[in-house]
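S.K.: What follows is a single structure, and I will ask about it in a moment.
The values are calculated or read from the model by the stated rules, or taken from the named source; none is laboratory data. Being a predicted model, the structure only gives us computed values, none of them experimental. Backbone-built Cβ (ideal geometry, glycine too); neighbour counts: all protein chains shown. To get the accessible areas, we keep the full protein, side chains included, count just its heavy atoms, and leave off ligands, DNA and RNA. Shrake-Rupley method; radii C 1.70, N 1.55, O 1.52, S 1.80 Å.
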Amino acid sequence: MQNILSVEKIEKYYGNKGNITKAIDNISFKVNQGEFLGIMGPSGSGKTTLLNCISTIDNITTGNIIINTQDITALKKKALEEFRRDELGFIFQDFNLLDTLTAYENIALALTIQRREVREIDKLIKDVARKLEITEMLGKFPFQMSGGQKQRVACARAIVTEPSLILADEPTGALDSKSSRLLLDSFEKLNKEFHSTILMVTHDSFTASYANRILFIKDGRIFTELIRGNETRKEFFSKIIEVVTLLGGDVGNVL
Ligand SMILES: Nc1ncnc2c1ncn2[C@@H]1O[C@H](COP(=O)(O)OP(=O)(O)OP(=O)(O)O)[C@@H](O)[C@H]1O
Ligand SMILES: [Mg+2]
């Protein structure tokens, strides 16, 4: 199995002298191509910070992050922009769709920036729309869609460029249970059929149970790891609940 991401002894501090927050405290882990990794942990434990550092939105204080043999901590601004454009797909909690563009145009944007041909763009969009069951949405504007539909359009936009790595922060955070299931089924399909590598931050144990492996973060460190193996999703879900309980603190907050 090919290693796609190596996070090596990273630390992230916010603030300056006298007022320092250590958001990430010596985290290391590896992700293989085709893994579906969940990241859980209490509020403020450093999950978003970790994802933002991997996605190059934020920079780490010390350590190395290697994606596809490329040390992203060594990249300069322009190279970083290109890397982000070509290798990564983001799915944010608040969708980040552009209100004045249709679903089709929102999805096309990422491909246009890559200077792909119009005909190729059209084919790629239609294919991804079929996969995520949003073909009927393509001509609509965000205000004409439900939260779940918007989230699936955002998902289509993130994967249409076939990124090496898909990064999602609380992708089901704003969704009802039916929309969550649809989105998670799309993730599962992407992961199983197209071997997409997914990193997903979530508070929600049900959402996390779709992953193959879960890292639990506490106070900026890896607290423990759960691997699904041959367990059913239900069995995995029970194990997740156990760890979440063990993690303590405000359990309601974590769930
Ligand atoms: N830009 C920033 N400046 C200063 N401190 C920050 C900044 N962003 C995050 N932090 C701090 O870093 C720590 C980790 O925050 P982070 O957003 O990564 O937590 P999280 O695990 O994603 O929490 P949540 O589940 O609530 O989203 C927190 O103590 C937070 O206050
Ligand atoms: Mg967060």
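S.K.: Name the long-range amide H neighbours of Ile24: under 5 Å, sequence gap of 5 or more, or other chain; modelled H, no Pro or chain starts.
M.R.: For Ile24, whose amide H was placed from the backbone, the distant partners under 5 Å are Lys12.
S.K.: Let me ask another. Checking the cross-link filter: which lysines have an alpha carbon closer than 28 Å to that of Lys126, excluding same-chain neighbours under 8 positions apart?
M.R.: Lys140, Lys150, Lys178, Lys189, Lys192
S.K.: I've got another one for you. If you plug each phi of segment 148-165 into the Karplus form 6.51 cos²θ - 1.76 cosθ + 1.60 with θ = phi - 60°, what whole-Hz ³J(HN,Hα) values come out, in order, with x for Gly and Pro?
M.R.: x, 5, 4, 5, 6, 5, 4, 5, 4, 5, 5, 9, 4, 7, 6, x, 5, 9
S.K.: A further question follows. How large is the helix-only mean residue ellipticity at 222 nm for the chain, computed as the sum of -39500 (n - 2.57) over DSSP H runs with n ≥ 4, divided by its residue count, in deg cm²/dmol to the nearest 500?
M.R.: -11500 deg cm²/dmol
S.K.: Okay, next question. Can you give me the Cα centroid spacing of segment 160-190 and segment 139-155 in angstrom?
M.R.: Centre-to-centre (Cα) distance: 13 Å.
S.K.: Could you list which residues have their amide H under 5 Å from that of Ile217, counting only those 5 or more apart in sequence or on another chain, with H placed in the peptide plane?
M.R.: Result for Ile217 returns Met40, Gly41, Phe223.
S.K.: Pop out the ³J(HN,Hα) list for segment 79-87 in order, Karplus 6.51 cos²θ - 1.76 cosθ + 1.60 with θ = phi - 60°, rounded to Hz; leave Gly and Pro as x.
M.R.: After applying 6.51 cos²θ - 1.76 cosθ + 1.60, I find 4, 5, 4, 5, 4, 4, 5, 8, 10 Hz.
S.K.: Further question on the same structure: Return the FRET efficiency for the residue pair Lys22, Asp71: r is the Cβ-Cβ distance, R0 is 35 Å, and the value is rounded to the nearest 0.05.
M.R.: Approximately 0.95, to the nearest 0.05.
S.K.: Please identify, among Val153, Val128, Val201, the residue showing maximal mean-square fluctuation in a Gaussian network model of the chain using a 10 angstrom Cα cutoff.
M.R.: With Cα springs under 10 Å in the chain, the top fluctuation among Val153, Val128, Val201 is at Val128.
S.K.: Where is the GNM fluctuation largest for the chain (alpha-carbon springs, 10 angstrom cutoff): Phe194, Phe237, Phe90?
M.R.: Judging by the Gaussian network model, the answer is Phe194.
S.K.: Another question, then. Taking GluC sites (Glu not before Pro) as exposed when DSSP calls them loop (any state but H, G, I, E, B) and at most 15 other Cβ atoms lie within 10 Å, what is the longest stretch of the chain free of them, the sites themselves excluded?
M.R.: For GluC sites (Glu not before Pro) (loop position, at most 15 other Cβ atoms within 10 Å), the longest site-free span of the chain is 1-116.
S.K.: Moving to a separate point now. Please say if segment 3-254 is rounded, prolate or oblate, where rounded means a/c under 1.5 for a ≥ b ≥ c the square roots of the C-alpha gyration tensor eigenvalues, and otherwise the choice is prolate for a/b larger than b/c and oblate otherwise?
M.R.: Oblate, because a/c is 1.5 or more while a/b does not exceed b/c.
S.K.: Let me ask you something else. So which residue, out of Lys239, Lys77, Lys30, gets the largest mean-square fluctuation from a GNM of the chain using Cα contacts under 10 Å as springs?
M.R.: Per the Cα network of the chain with a 10 Å cutoff, Lys77 tops the list.
S.K.: Using a 1.4 Å probe, how large is the accessible area of Leu175, given in Å² and rounded to the nearest 10?
M.R.: We get 20 Å² for Leu175.
S.K.: Residue by residue through segment 132-138, which ³J(HN,Hα) values in whole Hz follow from phi under the Karplus form 6.51 cos²θ - 1.76 cosθ + 1.60 (θ = phi - 60°), with glycine and proline marked x?
M.R.: Values per residue, Gly and Pro as x: 9, 6, 10, 3, 5, 8, 4 Hz.
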